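These notes are about the structure you will find just below.
Just so you know, all these numbers are worked out from the coordinates, no wet-lab data involved. Since the model is a prediction, treat every value here as computed from it, not as a measurement. Don't worry about glycine lacking a Cβ; one is built from the backbone with ideal geometry, like all the others, and counts go over all protein chains shown.
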Amino acid sequence: GENVEQHPSTLSVQEGDSAVIKCTYSDSASNYFPWYKQELGKRPQLIIDIRSNVGEKKDQRIAVTLNKTAKHFSLHITETQPEDSAVYFCAASKGAGSGYSTLTFGKGTMLLVSP
Amino acid sequence: GAGVSQSPSNKVTEKGKDVELRCDPISGHTALYWYRQSLGQGLEFLIYFQGNSAPDKSGLPSDRFSAERTGGSVSTLTIQRTQQEDSAVYLCASSSQRQGFLFGELFFGEGSRLTVL
């Protein structure tokens, strides 16, 4: 089955700095890569996703890049703010066409943004 | 309802007892997932229901774990003869995806925190 590795497990940055979280996946058939944010005591929520037909996607201060050859994708947060502090999970799925869409998550990255 | 609802929110039980956790997905969502979240272990996939298809049970850690989904809506996760290592937050999620369609966003419930003494 799919295996998703996520690094780092914790990341501390100063407010205004950029943060990068990296993930690798094992199944070359995976074609959908979402990122979920889980604030302390809250449920995980989707913040951005990317499909295998594009290499990069941006939404305001967050962006995701995908390298299918290397089976590697990353989350980039610019101009970090204290409210960005949370646990971030990457995930991978075979998505469309396979009729089988279990989402495999990484172990998460705890991002701490200091004022 | 407006979102995914799970009950109980907290459950404390003694080792060896059976527990049932309930999930009420968003109305109309055909896909339903159970995940387990332990400290430092991320989101561990347990089971996936999609419409009337046979569920994907490949993530269930042992035969003490089972789940059912009645009428394509409410789901119950049952853990028999609970062990201390079963202590975790059990998260349910639903999605509007259908087979052959692009993957849809997962909407998570608040989770059921299980503590086995």
> Quick one: putting +1 on the C-beta of Lys and Arg, -1 on the C-beta of Asp and Glu, what dipole do you get for the protein assembly as shown around its Cα centre, in Debye to the nearest 20?
Replying inline: 380
> Using the alpha carbon gyration tensor of the protein assembly as shown, what are the three equivalent-ellipsoid semi-axes (square root of 5 times each eigenvalue), largest first, in whole Å?
Replying inline: 29, 22, 15
> Quick one: if the Förster radius is 25 Å, what FRET efficiency do A:Gln45 and B:Ser87 give, using the C-beta to C-beta distance and rounding to 0.05?
Replying inline: 0.55
> How do A:Trp35, B:Trp34 rank when sorted from fewest to most other Cβ atoms within 10 Å of their own Cβ?
Replying inline: A:Trp35, B:Trp34
> Put +1 on the Cβ of every Lys and Arg and -1 on every Asp and Glu Cβ in region A:1-84; which of A:Thr78, A:Val4, A:Gln60 then has its Cα farthest towards the positive end of the dipole?
Replying inline: A:Val4
>> With every atom except the alpha carbons ignored, what do you get for Rg and Dmax of region B:48-117, in angstroms?
In response: 13.6, 44
> Cα-Cα over 24 Å: which of A:Lys58/A:Lys94; A:Lys71/A:Lys94; A:Lys42/B:Lys15?
Replying inline: A:Lys42/B:Lys15
> When the dipole is taken about the Cα centre of chain B, and only Lys, Arg (+1) and Asp, Glu (-1) are charged at their Cβ, what size is it in debye, to the nearest 20?
Replying inline: 80
> What is the order of B:Val89, B:Val4, fewest Cβ neighbours within 10 Å to most?
Replying inline: B:Val89, B:Val4
> Measuring from centroid to centroid over Cα atoms, what is the spacing of region A:1-15 and region A:25-81 in Å?
Replying inline: 12
> Averaged across the residues of A:25-32, what count of C-beta atoms belonging to other chains lies within 10 Å of each residue's C-beta?
Replying inline: 1
> With the contact rule set at Cα under 8 Å and sequence spacing of 6 or more, what percent relative contact order holds for chain A?
Replying inline: 37
> Short version: what are the Cα gyration tensor semi-axes of region A:4-78, square root of 5 times each eigenvalue, largest first, in whole Å?
Replying inline: 21, 14, 13
> For chain B, taking Cα atoms only, what is the radius of gyration to one decimal and the Dmax to the nearest whole Å?
Replying inline: 13.7, 44
> Got a sec to turn the phi values of region A:46-62 into Karplus ³J(HN,Hα) couplings, 6.51 cos²θ - 1.76 cosθ + 1.60 with θ = phi - 60°, whole Hz, x for Gly and Pro?
Replying inline: 5, 10, 6, 9, 9, 10, 6, 8, 10, x, 7, 9, 10, 8, 6, 8, 10
> Label-point separation (nm) for B:Val12 and A:Glu83, each offset 7 Å from Cα along Cα-to-Cβ?
Replying inline: 3.6
>> Largest first and in whole Å, what are the equivalent-ellipsoid semi-axes of region B:4-51 based on the Cα gyration tensor, each being the root of 5 times an eigenvalue?
In response: 22, 15, 10
>> Using a 10 Å cut-off around each Cβ, can you sort B:Ser53, B:Ser27 from fewest to most neighbouring Cβ atoms?
In response: B:Ser27, B:Ser53
> About its Cα centre, what dipole magnitude does chain A give when the only charges are +1 on Lys and Arg Cβ and -1 on Asp and Glu Cβ, stated in debye to the nearest 20?
Replying inline: 380
>> Can you tell me what share of the DSSP beta bridges in chain A is antiparallel? A percent to the nearest 5 is fine.
In response: 90
